[in-house]
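Worksheet: one structure, shown below.
The values are calculated or read from the model by the stated rules, or taken from the named source; none is laboratory data. From a predicted model like this one, the values you see are computed outputs, not experimental measurements. Neighbour counts run over all protein chains shown; Cβ positions are idealised from the backbone, glycine included. Remember, those area values only see protein heavy atoms, side chains included, never the ligands or the DNA or RNA. Shrake-Rupley method; radii C 1.70, N 1.55, O 1.52, S 1.80 Å.
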Amino acid sequence: MSAPASLSAVEPRFFTRTQWAAFLVPTLLLALVLPLLNAFLPADSFLRPSDFTLNLYGKYATYAVLALGVDLLWGYLGILSLGQALFFALGGYAFGMHLLLMIGKDGQYKSDLPDYMVFLGYKALPAHWEPFYSFPFATAAALIVPGLLAFVFGWLAFRSRIKGVYLSILTQALTYAAALLFFRNDFGFGGNNGFTDFKRILGADLSSPDTRRWLYVASVVLLAGVFLLYRWLTRAKFGHLMQAIRDGENRVLFSGYATARYKLFVFVLVAAITGLAGALYVPQVGIINPSEMTPEKSIEAVVWVAVGGRGTLLGPILGAIFVNALKSWATRAAPELWLYILGGLFVGVVLLLPGGLVSLPAKLRAFVARLRRSGDVPVADASKPSA
Amino acid sequence: MAHPILQAEDVSKTYDGFRAINALNFYLFPGELRTVIGPNGAGKSTFFDLLTGRAQPDTGSIKYADSDAAPAIDLTELNEYEIQRLGIGRKFQTPSVFAEHSVHTNLVLSLKGPRGVFASLFHRLDSTQRDRLDALLKLVRLEDKRHWKAGLLSHGEKQWLEIGMLLASEPRVLLVDEPAAGMTDEETHRTGELLLSLRGKHSIVVVEHDMTFVKQISDGGQVTVLHQGTVLCEGKFDEVQSNPQVRAVYLGRGKH
């Protein structure tokens, strides 16, 4: 809590000193210290994060950007989109096209055409693929293609004042339809195999630890940048209006704001940024296929946000990392149980910790304070939240 | 007499065969404080919906004329935010304030000014606006609670905050739906004084049930009685009160 003088809600300080420290320390640690340790410490040093670890963290960082977008829409604006993974995957596909072309003649068929095109009997590269030889074009496409789709969908939906569960269902239908489309070979994007076997990015070998380290750093920097952007957005009058639309759209409308335009702006912005995260995700995992667009993927992202704490910007990041770390472990230890764990986690958080992981410290403090007041150590209390 | 600022002529609106508004004529003159009464289902809220773009009439015209010189604007073609931007503000029956925002922020979001996306991204309060906010907080007696979450205010305070939000947008016309609902007698009286003090600067329509309150705010002004979607009678409070038709509608259902 800050002093009342600084409480003036519309023009707050962007960060207090403590908050700057809380932002900069982990960002520098992740974006600078870890990569340096990885690059320069001897391979057997216990302080050295492995190549695998960095790669994993890079993937989590792109997931966290996806989660931040889900939360900006859901936690701040009140729009539960069950199709955000579509924008992530579209960004991935757009950038994947570039990576696929960069394979050159190193594919299995030693052709200029991507392998799947040779396999399907293409004679020449389709014209709309040509510009994807350019790295800047592909990067721009990773932003613009998801943004454009979000614009068309959002324009129709928000203008018609579709809200709540109806909008959620529509977003889910959209991602499902897109997945079905991309699964088809004749749609022209590699069918169910998608794109894979990437060899290089900007001339650098994708299998080298150096390249992968840079991709990891780029992911962390993107996450930090998106966090700052969303922080700025939510602290501005614009952010207050987002929350006002969430809590009482009528009042905002009758206060003279075209709420549909506000929703459209956020929806498109988030889609474009999510697409960029998808573009960084693909070279790190080495594959993009239509399974990334299935509704489960979007719902998983919603679970990350719920687990981390919706309506906060730290929550989605923590949630994305925590749930995916759990998934990495569970899918190795007990793959058949993963969906039950995920479902249980969601139900558990909703029932026991509605504020998510970020609300845990406050809950624990309150719990400890209660213990202190009651004076004695209670016997095992089944109702208490477990730490 | 001056030109009406708000003029509804021969307006009808039917919902699923139910005639909510039936050949209604209504004229509001600049600076006037008009009280609208009527039993439940008389069409008071529907009337406000039609005036504010929430609903469109089946037939009839609704026009707004900012001044005698300005051409009348057809309100039936506009939506909620376009009508608000013309200077017609509405307060809802159940107080609708932003519960998660501070009292201060509630007012900031309502202040007159550009409403676009980019204006909101780069918005800064200037000193005139700060003074205006302070004056508004004083007017609605929420100075001490400016940093409170609006959701924590009492029912009466929320009503006042919403009136403050309405005034923040500096409307020409105020449409106020049951401002005294849920207030103590003292709060109700103060609300009446506030509305009376706004008379002249704004043109005001107040829909109300509480007859003590209606008597207080009508204060020599016109009272319109709505019944079954149309105007039953119009006149000073005493005239309306002694009108046998009005008595029949309010007291003896079925006699009319």
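Shape of segment A:1-124 from the C-alpha gyration tensor: oblate (a/c of 1.5 or more and a/b not above b/c, with a ≥ b ≥ c the square roots of its eigenvalues). Look at the dipole of segment A:12-293 built from charges on Cβ: of A:LEU241, A:SER45, A:LEU148, the Cα furthest out on the positive end belongs to A:LEU241.
Taking B:ALA42, B:ALA119, B:ALA150 as the candidate residues, the one with maximal mean-square fluctuation in a Gaussian network model of chain B, Cα springs under 10 Å, is B:ALA119.
Here the spin labels are modelled as points 7 Å beyond Cα on the Cα-Cβ line, and at A:GLN19 and B:TYR15 they lie 4.4 nm apart. Within segment A:162-245, report the trypsin sites (Lys or Arg not before Pro) that DSSP leaves as loop and that have at most 13 other Cβ atoms within 10 Å. Of the trypsin sites (Lys or Arg not before Pro), the ones in loops of segment A:162-245 whose Cβ has at most 13 other Cβ atoms within 10 Å are A:ARG184. Mind checking which of A:VAL282, A:VAL347, A:VAL266 has the largest fluctuation in a GNM of chain A, springs on alpha carbons under 10 Å? Highest fluctuation of the listed residues: A:VAL347. Modelled this way, with points 7 Å down the Cα-to-C-beta line, the labels at B:LYS236 and A:THR331 are 8.2 nm from one another.
The angle between the Cα long axis of helix A:338-352 and the longest principal axis of the Cα atoms of chain A comes to about 30 degrees, rounded to the nearest 10. Once the partner protein chains are put back, segment A:252-299 shows a loss of at least 20 square angstrom of accessible area, versus the chain by itself, at A:LEU253, A:PHE254, A:SER255, A:GLY256, A:TYR257, A:ALA258, A:ARG261, A:TYR262, A:PHE265 (probe 1.4 Å, ligands and nucleic acids excluded). Given R0 = 41 Å, the distance between the Cβ atoms of B:ASP126 and A:GLN108 translates into a calculated FRET efficiency of 0.05. Radius of gyration over Kirkwood radius for chain B, both on Cα atoms: the Rg/Rh ratio is 0.97.
Considering only A:THR294, A:THR196, A:THR27, the Gaussian network model of chain A with Cα springs below 10 Å gives its largest mean-square fluctuation to A:THR27. For the protein assembly as shown, the share of DSSP beta bridges that are antiparallel, to the nearest 5, is 60%.
Could you tell me how many degrees, from 0 to 90 and to the nearest 10, lie between the Cα long axis of helix A:209-235 and the main elongation axis, the longest principal axis, of the Cα atoms of chain A? So the helix axis and the longest Cα principal axis differ by about 50 degrees. Based on Cα contacts under 8 Å between residues 6+ apart, segment A:12-293 shows a relative contact order of 37 percent.
With respect to chain A, whose longest principal axis is taken over its alpha-carbon atoms, helix A:360-374 is tilted by about 20°. Take the accessible area of B alone and of A alone, subtract that of the pair with a 1.4 Å probe, and the total buried over both chains is about 3000 Å². The tail of the calculated P(r) for the protein assembly as shown beyond 38 Å holds 47 percent of all Cα-Cα pairs.
Helix-only arithmetic for the protein assembly as shown: the sum of -39500 (n - 2.57) across DSSP H runs with n ≥ 4, divided by the residue total, places the mean residue ellipticity at 222 nm at -16500 deg cm²/dmol.
Counting other C-beta atoms within 10 Å, and keeping those with at most 13, which DSSP coil chymotrypsin sites (Phe, Trp or Tyr not before Pro) do you find in segment B:28-133? Sites meeting the loop and neighbour criteria: B:PHE122. Extension gain, A:ALA204 to A:LEU32, is 59.9 nm, computed as 0.36 nm per intervening residue step minus the present C-alpha separation. Where in chain A is the longest stretch that carries no chymotrypsin sites (Phe, Trp or Tyr not before Pro) classed as loop by DSSP and with at most 12 other Cβ atoms within 10 Å? With a cap of 12 other Cβ atoms within 10 Å, the longest stretch comes to A:47-387.
Remark: spin-label model distance A:LYS123-A:ALA43 equals 5.0 nm, labels positioned 7 Å along the Cα→Cβ axis. Note that the protein assembly as shown presents 46 Å² accessible area per residue, ligands and nucleic acids not counted, probe 1.4 Å.
Using only the Cα atoms of segment B:106-233, build the gyration tensor, take square roots of its eigenvalues as a ≥ b ≥ c, and label the shape rounded, prolate or oblate: rounded if a/c is under 1.5, else prolate if a/b is larger than b/c, else oblate. Cα axes put segment B:106-233 in the prolate bin.
On chain B, 50 percent of the accessible area sits on carbon and sulfur atoms, based on a 1.4 Å probe. Looking at the square roots a ≥ b ≥ c of the eigenvalues of the Cα gyration tensor of segment A:12-293, which shape do they give, rounded for a/c under 1.5, prolate if a/b is larger than b/c, or oblate? Oblate, since a/c reaches 1.5 and b/c is not below a/b. To put it simply, the accessible area of segment A:229-350 at a 1.4 Å probe is 67 percent carbon and sulfur. Restriction of the trypsin sites (Lys or Arg not before Pro) in segment B:41-127 to DSSP coil positions whose beta-carbon has at most 16 other beta-carbons within 10 angstrom yields B:LYS112, B:ARG124. Assuming 1.306 mPa s and 10 °C, estimate D for segment B:120-165 with Stokes-Einstein, Rh taken as the Kirkwood radius over Cα pairs, in µm²/s. It diffuses with D of about 138 µm²/s by this estimate.
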